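Below: the structure, in structure tokens.
The values are calculated or read from the model by the stated rules, or taken from the named source; none is laboratory data. Quick caveat: nothing in here was measured; it's all calculated off a predicted structure. Virtual Cβ from ideal backbone geometry, glycine too; neighbours counted across all protein chains shown. In case anyone asks, the SASA skips ligands and DNA or RNA and just uses the protein heavy atoms, side chains included. Shrake-Rupley method; radii C 1.70, N 1.55, O 1.52, S 1.80 Å.
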Amino acid sequence: MKVNGIPYRTIWRSKSGKSVTILDQTLFPHAFETRELTSVTEAAEAIRTMRVRGAPLIGATAAYGMWLAMQADPGDASLDGAASMLVDTRPTAVNLAWAVDISRRSLIHLAPELRAEKALQVAERICDEDVATNMAIGLHGLDLIKTALARKSFGEPVNILTHCNAGWLATVDWGTATAPIYMAHDAGIPVHVWVDETRPRNQGAFLTAWELGKHGVPHTVICDNAGGHLMQHGAVDMVIVGSDRTTANGDVCNKIGTYLKALAAKDCNVPFYVALPSSTLDFSISNGLTGIPIEERDGREVSTIAGLALDGTIRRVSIVAEGSEVANPAFDVTPARLVTGLITERGVIEASRPALAAAFSDKIRH
């Protein structure tokens, strides 16, 4: 995607050829700055602190982290240690363990002196495949937007509600939930996006709104609890969200609050779509409610908030009564019965075990 006319990916090999450059997303939307990662420890820190976030992007970052580790020490102990360090950073998004597993299996049988080069090849392939996958997701989702447009009066936009950030900033490029939106906008189709703020980290208000604005897509930021109201009044034509992990039967784990949007959409007869790459599928889990580990993050994400002060400094302030206990589950699970369809690189498919098994039989380990 372009920022001020300059095309960017969210992660790339640095000019030195020995490190990785990321966009530091903890500074958005108030600052657009890059950060160089020079070691696997720094890559793990970037994932844990959400300098990079979004299932596909943390997978790509982890793959580059394996490369950084192999440059420093290509031995077996370093390989296993790097893999464990990276996988332990965040438990919910399956892309993280998926990318580390691909890298480790590609390296374990190689001579140590060959591992760094191979690790780099694996990381760059994962990034390139993510871009191609998201473009395919975009094209399949674009057909859904065109169908929605046909039901609108002339000149009316297709109103799409999204939750959290499943955009360019959550992937290497294009995004998952936003890819159809960008393609529709670029094709001249009138679209308007309702952007949930997505508390507590405000990924919608801080990230999705920022990138939509940079691309020129009309959008409106709303508080998280406004979505159902808008659906009741016919102001939402479809919901498109992303996924951090989708089970064998089509249950979807995504940012906390997604389940409530799905319930409202079901009640209001609004189509609820989930855009996801096949790397997000986890065929080892059948029941999302019992099988997916839900990350519990620091309560200070809820009890404090950062903003741009009038003097130009970014400050964090408390917003919760002193002494109150705070809970911060980062994700929830939307049952497959609430999902209208899964927008994948292989088409829009039903959120069910038979449909997923038929579409992705090559992804199932026997």
Problem set entry | Complete set of residues in segment 208-221 that are open to solvent by 10 Å² or more (accessible area, probe 1.4 Å) and either on the phi < 0 side of the Ramachandran plot or outside the structural domain of Val239 (by the TED database) (or both) | Ala209, Trp210, Gly213, Lys214, His215, Pro218, His219, Thr220, Val221
For this session: Collect the residues in segment 59-77 that are over 21 Å from the mean Cα position of the chain (by Cα), assigned to a helix (DSSP H, G or I) and buried (at least 17 other Cβ atoms within 10 Å of the Cβ), keeping them in residue-number order.
Result: Trp67, Leu68, Ala69, Met70, Gln71
Exercise. For segment 137-147, which residues satisfy the criterion of being surrounded by fewer than 18 Cβ atoms within 10 Å (Cβ to Cβ) and touching a residue at least 12 places away in the same chain (Cβ under 8 Å)?
Worked result: Leu139, Asp143, Lys146
Seminar exercise, completed: Among the residues of segment 154-189, the number that are part of a loop (DSSP other than H, G, I, E, B), closer than 20 Å to Gln232 by Cβ and open to solvent by 10 Å² or more (accessible area, probe 1.4 Å) is 2
Seminar exercise, completed: Counted residues in segment 265-277 being open to solvent by less than 20 Å² (accessible area, probe 1.4 Å) and out of contact with any Ser or Thr (no Cβ under 6 Å at 6 or more places or on another chain) come to 2
Problem set entry | Contacts under 6 angstrom Cβ, first residue in segment 353-365 being of a type outside the set (S, T, N, Q), partner part of a helix (DSSP H, G or I), 6 or more apart | Phe360/Ser278; Lys363/Ser278
For this session: Quick one: Gly228 ticks every box in (1) buried (at least 23 other Cβ atoms within 10 Å of the Cβ); (2) within 30 Å of Gly291 (Cβ to Cβ); (3) modelled with pLDDT of 95 or more except a single one, so which number is it?
Result: (1)
Seminar exercise, completed: Of the residues in segment 191-207 that are in contact with a strand residue (DSSP E or B) (Cβ under 7 Å, 6 or more places away or on another chain) and assigned to a loop (DSSP other than H, G, I, E, B), the one that is surrounded by the fewest Cβ atoms within 10 Å (Cβ to Cβ) is Glu197
Problem set entry | Single residue of segment 314-330 satisfying the filter (touching a helix residue (DSSP H, G or I) at 6+ places or on another chain (Cβ under 8 Å) and touching a residue at least 60 places away in the same chain (Cβ under 8 Å)) that is most open to solvent (accessible area, probe 1.4 Å) | Ile314
For this session: Considering only segment 210-316, give the strands (runs of 3 or more DSSP E) lying wholly within it that have at least 2 residues that are within 26 Å of Ala359 (Cβ to Cβ).
Result: 238-241, 245-247, 252-255, 272-275
For this session: Pull up segment 54-105, narrow it to residues that are at pLDDT below 95 and among the polar types (S, T, N, Q), then point me to the one that is farthest from Cys253 (Cα to Cα).
Result: Asn95
For this session: Select from segment 28-56 the residues that are among the hydrophobic types (A, V, I, L, M, F, W, C) and surrounded by fewer than 16 Cβ atoms within 10 Å (Cβ to Cβ) and list them in ascending order.
Result: Ala31, Phe32
For this session: Take the residues in segment 231-247 that are surrounded by 21 or more Cβ atoms within 10 Å (Cβ to Cβ) and aliphatic (A, V, I, L, M), then tell me which one is nearest to Asn95 (Cα to Cα).
Result: Val241
Exercise. Which ones in segment 91-102 are surrounded by 22 or more Cβ atoms within 10 Å (Cβ to Cβ) and assigned to a loop (DSSP other than H, G, I, E, B)?
Worked result: Ala93
Problem set entry | Within segment 103-126, tally of residues that are farther than 17 Å from Lys18 by Cα and open to solvent by less than 30 Å² (accessible area, probe 1.4 Å) | 3
For this session: Among the residues of segment 335-358, count how many are part of a strand (DSSP E or B) and either surrounded by fewer than 22 Cβ atoms within 10 Å (Cβ to Cβ) or touching a Cys at 6+ places or on another chain (Cβ under 8 Å) (or both).
Result: 4
